[in-house]
Structure formats: C-alpha cells, structure tokens
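Everything below concerns the one structure shown next.
Rule-based calculations on the coordinates, nothing more; no lab input. These figures come from a predicted structure and were not determined experimentally. FYI the Cβ positions are ideal-geometry reconstructions off the backbone, even for glycines, and counts take in every protein chain you see.
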Amino acid sequence: MKKKLRNIYFKNVVLEILGITLILYGLNRLIYFVSIRQFEKKIGRKFNNVEDFLDQLSYDDMANIIMSQALIGFLGLLVVSGFLIFIRFKTKSFYLRSIVIFIFILIMYPFFIHRGIINDGLYYVSRIWETNFQSMPLISFIIFTSCGSTIIWKTINDIEVTTHNNAYEQ
C-alpha cells in the first residue's frame, strides 16, 4: 500500500510541475500579447509576423518585454504555489511538497521555462493553432493556462481523495 501511495505522490509532483509550467507559459504568452498591442499603438501600425515585429523593437523595448515576462512569471509562480500550499494546509496533506516544487521551479524557471527547451517546445506546439500573428499569443494563453489549471485541479482532487481514503485505513 505504501508503494502505491509513493507512486501517486510522485505522479502528483510531476503533474503539478507540468501544470505550473503550463500556467507560467500561458502567462508568458499573455505578456507577449499585451506587449505587441502596446508596441503597435506606440508605432501606429500592425505587424503581420514575428520577424517584422522583432525588427522594429529597440533593445529597451526587448528588455522591457523580457523583464515583464520574468516579473509576471515570478508573481504567477508565487500565486499558484501559495494557492497549492493553502489547499494542502486546509486538507492537512503534505504541504512541504508544494514548497519544494516552488523552489524547484524557481531555480529552473530562467533556464528551461523562460528561455530554454520547454519554452521552445511549447512555442512550436502553440504554432498549431496560429491563425495570425496578433491572436496567437492570446489563444496560447487561454489554452495553456486552461490545461495547466485543469492539471492542478486534478492533482488537488487526487490529493483530497487519497487523504480521505487514508483516514479509513490503518
């Protein structure tokens, strides 16, 4: 029985990391969408593709976009992790696991999520539903944040069921 519970907990840890990563990527795409809109208003013209958009950006504009993405990613990580810790504390389950996941993602965020392997992979996945340059980041935000939230919700429900069932077994 204990081996089965360890597998459930390991599965939940992996799913929580995946869910948080998808939420952070979705927030990243939202900031990109907002930045495109702001820059289009500043310049006074619409962009048709990524290359056209990037050619018009100055280093200061790029730095502002990157800093906005990093700040929103960190705040999103704080909110999601705080929510998970709160839920775990209320259900009297092992909430230190959420703190460890928070620290793990905080360390890995700059290397893999913000600018790295995971970001590149998710970008190519998001190109599947690309209709045009203006709507792609918004659609990516909705889809990735919804998927991440659903995964987190499933792991929370799995924790509540597991915690509830453990009370009857001794």
> By the gyration tensor of its Cα atoms, with a ≥ b ≥ c the square roots of the eigenvalues, what is the shape of the range 42-95: rounded for a/c under 1.5, prolate for a/b over b/c, or oblate?
Replying inline: prolate
> How much length is gained if the chain between MET62 and ILE17 is pulled fully straight, taking 0.36 nm per residue apart and subtracting their Cα-Cα distance, in nm to one decimal?
Replying inline: 13.4 nm
>> Using a 7 Å offset from Cα along Cα-Cβ at LYS42, what residues in the range 57-96 end up with backbone N under 19 Å from the label point?
In response: 57-73
> Which of the peptides 16-24, 101-109 is most tightly packed, and how do the rest follow, judged by the mean count of other Cβ atoms within 10 Å per residue?
Replying inline: 16-24, 101-109
